[in-house]
Amino acid sequence: MNVDLYERIWMWGTAGMLALFFGSTAVAAIGRQFQPPSHVETINPAAALSDPRFASRGVWVDDQGGVHVTVIGMMFVWLPDHVTVPAETPVTFHLTSTDVTHGYQIVRTNGQTMVIPGYVSRFTTRFAPGEYLIACNEYCGLGHHAMAGRLTVVPAAEWAGPGTAAPAAPAPEGGDHGSH
Ligand SMILES: [Cu+2]
């Protein structure tokens, strides 16, 4: 088949761009563990503060030694607004909102999710030691700019342990297939 030179250039160019985009998506998803957050697990936002899953907030450890952080976002604060976790350890965040949509972004890491009233957002990631700013990256009202927190990551050997007890109702196992 005789394909015109310019047509051939466009075809190879298009194929190259597709390979680049799919490749960069694969690198981000597999290599750097970027994942789209899921919003499968639901919650009553009006009762989130007393919900067993969110009644005690902060850093806790499950039966298998997994490190978790439970946080509620509300206008215009994160509860709690400062957490300390061990470095180079998978940390699972559980978040929800009592009012409007917020965005939990641990700046300069891949830890980020939307925090939507009515849903439990969850993500797992690990951090290098350091101090990180936690910002709200979804405009949520007049105090949005002040809605910030802090993450302290210490070497695992220096970590003082969880600050709070595991929730009475443990998070459902096996990813985000909770039916609450
Ligand atoms: Cu906010």
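The values are calculated or read from the model by the stated rules, or taken from the named source; none is laboratory data. Since we're looking at a predicted model, the values are computed, not measured. Ideal geometry is used to build each Cβ from the backbone, glycine not excepted, and the neighbour counts take in all protein chains shown.
Can you run down the residue pairs with Cβ atoms below 8 Å, 6 or more apart or on separate chains, where the first is in the stretch 86-103 and of a type in the set (D, E, K, R) and the partner is within 16 Å of the ligand (Cβ to nearest atom)? Every condition considered, the pairs that remain are ASP99/PRO45; ASP99/MET74; ASP99/MET75; ASP99/PRO117; ASP99/CYS140.
Yes/no matrix, rows are residues, columns are (1) in contact with a Gly (Cβ under 8 Å, 6 or more places away or on another chain); (2) over 15 Å from VAL153 (Cα atoms); (3) not assigned by TED's automatic domain parsing to the domain that holds MET147:
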site: ARG53; (1), (2), (3): no, yes, no
site: ARG57; (1), (2), (3): no, yes, no
site: LEU79; (1), (2), (3): yes, yes, no
site: HIS94; (1), (2), (3): no, yes, no
site: THR109; (1), (2), (3): no, no, no
site: MET114; (1), (2), (3): yes, yes, no
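Selection over the stretch 112-125 of residues that are within 16 Å of the ligand (Cβ to nearest atom) and out of contact with any helix residue (DSSP H, G or I) (no Cβ under 7 Å at 6 or more places or on another chain) gives a count of 7. Within the stretch 126-144, the residues that satisfy the criterion of being away from the ligand (no atom under 16 Å from the Cβ) and either closer than 15 Å to PHE93 by Cβ or free of Cβ contacts under 8 Å to residues at least 40 places away in the same chain (or both) are ARG126, PHE127, GLY130, GLU131, TYR132. Contact map, the stretch 11-33: first residue more than 21 Å from PHE127 (Cα to Cα), second residue among the aliphatic types (A, V, I, L, M) and not in a helix (DSSP H, G or I), Cβ cut-off under 9 Å, separation 6 or more or different chains; pairs are MET11/VAL3.
Comparison of GLU173, GLU131, GLU158 shows that the only residue that is of a type in the set (D, E, K, R) and either modelled with pLDDT of 95 or more or closer than 23 Å to SER50 by Cβ (or both) is GLU131. If you go through the stretch 145-162 and keep only what is under 20 Å from SER56 (Cβ atoms) and crowded, with 16+ Cβ neighbours inside 10 Å, you end up with GLY149, LEU151, TRP159, PRO162. VAL71 passes every criterion in (1) without any contact (Cβ under 8 Å) to a residue 12 or more places away in the chain; (2) within 16 Å of the ligand (Cβ to nearest atom) apart from (1). Scanning the stretch 92-107 finds one or more residues that are within 18 Å of GLY149 (Cβ to Cβ) and either basic (Lys, Arg) or away from the ligand (no atom under 16 Å from the Cβ) (or both).
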